[in-house]
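Written below as structure tokens is the structure these notes are about.
The values are calculated or read from the model by the stated rules, or taken from the named source; none is laboratory data. Computed from a predicted model, the values in this text were never measured in an experiment. Cβ placement follows ideal geometry from the backbone for every residue including glycine, while neighbour counts extend to all protein chains displayed. Surface areas here come from the heavy atoms of the whole protein model, side chains and all, with no ligands, DNA or RNA. Shrake-Rupley method; radii C 1.70, N 1.55, O 1.52, S 1.80 Å.
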Amino acid sequence: SIHKIKSMTIYPILEGLYNVSKEKIFVYLDENKKDLPGLNFNVRPFLIEVEDDLILIDCGFGARHTNKTYFIEKLNSYGFSEQQVTKILVSHLHKDHINGLGTIENNNFTCYFPNAKIYIQEREMDYALQAESPSYSKNFSEKLKSFHNIIYLKDDFGKISNEITFEVVGGHVPFQQVFWIKENEETAFFGADNLPQLN
């Protein structure tokens, strides 16, 4: 459900239900795929609308449906286009949090959100490129690394803007970031995989 906090509006955008194997192979589950071995879980990035920004927190896995990803179709169903997103806050670079940012075409990275500044912890990028973990897509990270819209965060905590604060807390991965977004007197917090969920 959509949460209106005074002038801030939070859209939890359900990309969909995925099945993931021990080898970190992701399969988008539709009506025809329900009984696969492995873990089933929801992928749900968040869109936050404030006065001066449309902020996306993480980007999901990015499974394609027709000519768009499932996530972008859901984003469009809320009345927003990819071009309207102004900031993307990346908690960490696991496939289910970052692959929905764009695609690799002709060995180059193409971003689905062309007008957004993308905030990534630099140490997380370095870690993703060295990690021998199937949770990361090394090829995707290598192509993404030099994308011109990335702003690398280097500190353990700080401000992205007057409204957005970040902190490196680790936990799920060594350099995972969490975010606070403040507008007027209300605060939204995003903890990514460090934050327990009912499901």
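Between 80, 46, 109, 26, the distinction of being under 21 Å from residue 153 (Cα atoms) and either over 15 Å from the mean Cα position of the chain (by Cα) or at pLDDT below 95 (or both) belongs to 109 only. Which of the residues spanning the range 162-175 are part of a loop (DSSP other than H, G, I, E, B), more than 14 Å from residue 53 (Cβ to Cβ) and open to solvent by 30 Å² or more (accessible area, probe 1.4 Å)? Residues satisfying the conditions are 169, 171, 172, 174, 175.
The single residue among 57, 104 that is of a type in the set (A, V, I, L, M) and within 12 Å of the chain's Cα centre (by Cα) turns out to be 57. For the range 79-93, the criterion of a residue being open to solvent by 40 Å² or more (accessible area, probe 1.4 Å) and aromatic (Phe, Trp, Tyr) is satisfied by no position. Against the definition (of a type in the set (Phe, Trp, Tyr) and under 16 Å from the mean Cα position of the chain (by Cα)), how does residue 136 come out, yes or no? For residue 136, the condition - of a type in the set (Phe, Trp, Tyr) and under 16 Å from the mean Cα position of the chain (by Cα) - is met. Select, from 150, 160, the only residue that is of a type in the set (Val, Ile, Thr), touching a residue at least 60 places away in the same chain (Cβ under 8 Å) and closer than 19 Å to residue 45 by Cβ. After applying the criteria, what remains is 160. Test residue 67 against the criterion of being of a type outside the set (Lys, Arg), over 19 Å from residue 115 (Cβ atoms) and touching a residue at least 24 places away in the same chain (Cβ under 8 Å), and give yes or no. Spelling it out, it is not the case that residue 67 is of a type outside the set (Lys, Arg), over 19 Å from residue 115 (Cβ atoms) and touching a residue at least 24 places away in the same chain (Cβ under 8 Å). All conditions but one from (1) surrounded by fewer than 19 Cβ atoms within 10 Å (Cβ to Cβ); (2) under 15 Å from the mean Cα position of the chain (by Cα); (3) of a type in the set (A, V, I, L, M) apply to residue 178; the one that does not is (1).
Scanning the range 181-199 for residues that are within 20 Å of residue 42 (Cβ to Cβ) and open to solvent by 60 Å² or more (accessible area, probe 1.4 Å) returns 189, 193, 194, 195, 196, 197, 198, 199. No other residue among 104, 118, 98, 72 is under 25 Å from residue 138 (Cβ atoms), out of contact with any Pro (no Cβ under 6 Å at 6 or more places or on another chain) and surrounded by fewer than 23 Cβ atoms within 10 Å (Cβ to Cβ) apart from 104. Consider residue 86 against the criteria (1) under 18 Å from residue 194 (Cβ atoms); (2) of a type in the set (S, T, N, Q); (3) in contact with a strand residue (DSSP E or B) (Cβ under 7 Å, 6 or more places away or on another chain): it satisfies all of them except one. Which criterion is unmet? Only one criterion is unmet by residue 86, namely (1). Residues in the range 121-154 that are among the β-branched types (Val, Ile, Thr) and surrounded by 15 or more Cβ atoms within 10 Å (Cβ to Cβ): 150 alone.
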